[in-house]
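Peer 1: First the structure, which I've put down as structure tokens, then a few questions once you've had a look.
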Amino acid sequence: MIMISCNNCDSDLSTTKNCVAYRLVLANQKIPIYSINNAVTSMGVFPPIDEGEVHFCCIGCLKSWLKKRYP
């Protein structure tokens with residue numbers, strides 16, 4: 001079994017017992033380029049999420065994590 005925990009409070013988000021539960025996932029995804037006449041613009045994404053995917057048990061934990069990481 002893969003262990004998944006909240007990146008803010010470390011709650012176990014791997015499984016649930018007897019009820020439906022959800023977790024929030026924040027991840028970087030590259031958007032496909034649509035170009036006109038083969039012209040594209042080069043730009044960076046800021047701020048990047050260095051950890052890859054991050055998981056949260058609730059909006060409160062997401063907000064707290066964002067405040068700590070990106071004041």
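Peer 1: Out of Asn28, Asn8, I need the residue that is among the polar types (S, T, N, Q) and out of contact with any Asp or Glu (no Cβ under 9 Å at 6 or more places or on another chain). Which one?
Peer 2: On inspection, the qualifying residue turns out to be Asn8.
Peer 1: Additional query: Write out, first by first residue and then by second, each pair whose Cβ atoms fall under 9 Å of each other, whose residues are 6+ apart or on separate chains, and whose first residue, in the range 1-13, is at negative phi while the second is of a type in the set (Asp, Glu).
Peer 2: Met3/Asp12; Ile4/Asp12; Ser5/Asp12; Cys6/Asp12; Asn7/Glu51
Peer 1: Across the range 22-68, which residue is modelled with the lowest pLDDT among those that are more than 23 Å from Met3 (Cα to Cα) and basic (Lys, Arg)?
Peer 2: Looking at residues that are more than 23 Å from Met3 (Cα to Cα) and basic (Lys, Arg), I get Lys30.
Peer 1: Check whether at least one residue in the range 23-43 is surrounded by 14 or more Cβ atoms within 10 Å (Cβ to Cβ), among the β-branched types (Val, Ile, Thr) and under 13 Å from the mean Cα position of the chain (by Cα), and report yes or no.
Peer 2: So far as the range 23-43 goes, no, none of its residues is surrounded by 14 or more Cβ atoms within 10 Å (Cβ to Cβ), among the β-branched types (Val, Ile, Thr) and under 13 Å from the mean Cα position of the chain (by Cα).
Peer 1: Among the residues in the range 12-21, are any among the acidic types (Asp, Glu), at pLDDT 75 or above and outside any strand (DSSP E or B)?
Peer 2: No; the residues of the range 12-21 include none that is among the acidic types (Asp, Glu), at pLDDT 75 or above and outside any strand (DSSP E or B).
The values are calculated or read from the model by the stated rules, or taken from the named source; none is laboratory data. These numbers come from a predicted model, not from an experiment. Don't worry about glycine lacking a Cβ; one is built from the backbone with ideal geometry, like all the others, and counts go over all protein chains shown.
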